[in-house]
1. When only residues in region 418-453 that are β-branched (Val, Ile, Thr) and under 23 Å from the mean Cα position of the chain (by Cα) count, which is farthest from SER63 (Cα to Cα)?
2. Kindly indicate the residue of region 354-379 that is open to solvent by 60 Å² or more (accessible area, probe 1.4 Å) and either touching a residue at least 40 places away in the same chain (Cβ under 8 Å) or among the small types (Gly, Ala, Ser) (or both) and also nearest to LEU339 (Cα to Cα) among those meeting that condition.
3. Could you list, in sequence order, all residues of region 455-465 that are among the hydrophobic types (A, V, I, L, M, F, W, C) and either open to solvent by 60 Å² or more (accessible area, probe 1.4 Å) or more than 19 Å from GLU381 (Cα to Cα) (or both)?
4. Name the residue that is nearest to VAL6 (Cα to Cα), counting only residues in region 293-310 that are assigned to a loop (DSSP other than H, G, I, E, B) and either hydrophobic (A, V, I, L, M, F, W, C) or open to solvent by less than 30 Å² (accessible area, probe 1.4 Å) (or both).
5. Does THR394 satisfy the criteria of being hydroxyl-bearing (Ser, Thr, Tyr), closer than 18 Å to TYR314 by Cα and either surrounded by 15 or more Cβ atoms within 10 Å (Cβ to Cβ) or in contact (Cβ under 8 Å) with a residue 12 or more places away in the chain (or both)?
6. Of the numbered conditions (1) open to solvent by less than 10 Å² (accessible area, probe 1.4 Å); (2) within 30 Å of LEU26 (Cβ to Cβ); (3) in contact with a Leu (Cβ under 8 Å, 6 or more places away or on another chain); (4) of a type outside the set (A, V, I, L, M, F, W, C), SER313 fails exactly one; give the number of that condition.
7. Inspect all residues belonging to region 68-83 and state whether any of them is assigned to a strand (DSSP E or B), modelled with pLDDT of 85 or more and either at positive phi or in contact with a helix residue (DSSP H, G or I) (Cβ under 8 Å, 6 or more places away or on another chain) (or both).
8. What are the pairs with Cβ atoms under 6 angstrom where one residue, in region 446-457, is within 20 Å of SER18 (Cβ to Cβ) and the other, located anywhere, is of a type in the set (S, T, N, Q) and part of a helix (DSSP H, G or I)? Sequence gap at least six, or different chains.
Amino acid sequence: VPVVAVMTTGGGTRALTSLLGNLLGLQKLDLLDAVSYITGSSGSTWTLSHLYQSADWSRKDLSRPISEVRRHMTKCKLSCFSLESLNSYTMPRWSLGFALSLFLVNSQKNNHKLSDERQALSQGQNPLPIYMILNIKEDYSLSEFKEWVEFTPYEVGFLKYGAFIRAEDFGSKFFMGRLTKKLPESRICFMKGNVLRCKNLNCIKMYFIFNIIQTLHSATDEPSTLARSHELETYLVTPECGIMGIIRQILSERVMVSKFYNFLEGFQLHNEYLQSKSFCIWKDTVLENFPNQLTETAEFMCLADTAGYIDISYPPLMRPERKVDVVLHLNYSSGSQTLPLEEASKYFLKQGIPFPKIQLSEEEKKNLKECYIFEDTEIPEAPTVVFFPLVNDTFRKYKEPGVERSLAEMAQGNVDVSSIFSPYCLQSFTYTGEDFDKLVELTSYNIQNNKHLILQALNSAIEQKRQHKK
């Protein structure tokens, strides 16, 4: 039996909505229960964290969670920016001793935690969710330093070092591999809001308002009651010339990060780093020849969105222990639909990790189909990739696979997912009900309409495993 994984990209609320449609399509094909792993980054993790609050989500009709997300997606979000709401996001974490981290706008309080998702895995009833993010250094660009960090309901850790801790201990303080200060596990709404990219207009507004509030707080004569010696210093805006200084700060910001205590602090990995065979892959930073400058010396992890480097969540699936045979690549990123896959192929080739070579002509890229299969039959360890770009192709004429639209239904097939006027651009946090429904129906259709290619990839993987055993 082949090991099947779903790999998703980021893409804000577009990724959130599209993944729901893709999973609905897999469920309708009775293929969802064949998936062992689902990986996500950025917007797609919002979908996963919502679904995994239900212990049996993949066995139930997905229409209900989709309707719930639709209700929130079509609501106005302005109330989330009130002073009361902003204080409720930040004050409890400061008082508990957490480093200041950014937050995702939630329309209601949710106490769900990452470790709670174990209930959805206790009987193997759902795929294992894996959330991806990057650890970076503030003094280095992403091209110079980045490390993949993997989150599951069971553990959190660095792929490079093979170092993991329990999910419920993430955010607590460690030294030399020992837990020295236990902090409460963060609610997942803070975890999935780890980074906000300033090119997103709504995120700029939120960052702008938040920093104005911080500036007003700093202007008072009263001493802060929140300061503690063990906490990270709060990020304050002190503009040179009033409001324009704040605007200048926002527009010049490169990437915003969340900071959590580094559980590898003082672990002294550098003693063995250059000689040990354990660190044979994921060497892709300028500091590799200076192991004592890698991660163990930092008090805090600086976590950033994977889209700052490559908008993928492949790395956990490339761990040889997971033995993934088929990857369903669901792409929601903006810009070139093929770029994340092409960049992933080049990256893994450089790392010496088996992966198919991706070759599409410029003409093919301009007229993308709904589904492609990429495989490397000469390297049996390389997974077969079934690639689904976010496109609107035959859905324009067919409402279901093989069922043509009537003239009255043609408007429903007109879904703009690529132009600059698309309602699904990254700065959109609210959709109309019609736009939400169209995107779910499109992404569900694209999966169902290419059932034959998914089955082809599964059968090919079965045959490869047979040949490999011989």
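The values are calculated or read from the model by the stated rules, or taken from the named source; none is laboratory data. Everything numeric here is computed off the predicted structure, so don't read it as measured data. Here the Cβ is made from the backbone with ideal geometry for all residues, glycine too, and neighbour counts use every protein chain on show. With ligands, DNA and RNA removed, areas are computed over all heavy atoms of the protein, side chains included. Shrake-Rupley method; radii C 1.70, N 1.55, O 1.52, S 1.80 Å.
1. Here the answer is THR430.
2. GLU375
3. LEU455
4. ILE310
5. When the stated conditions are applied, THR394 does not pass them.
6. (3)
7. No, region 68-83 contains no residue that is assigned to a strand (DSSP E or B), modelled with pLDDT of 85 or more and either at positive phi or in contact with a helix residue (DSSP H, G or I) (Cβ under 8 Å, 6 or more places away or on another chain) (or both).
8. Short answer, once both residue conditions are applied: ILE447/ASN22.
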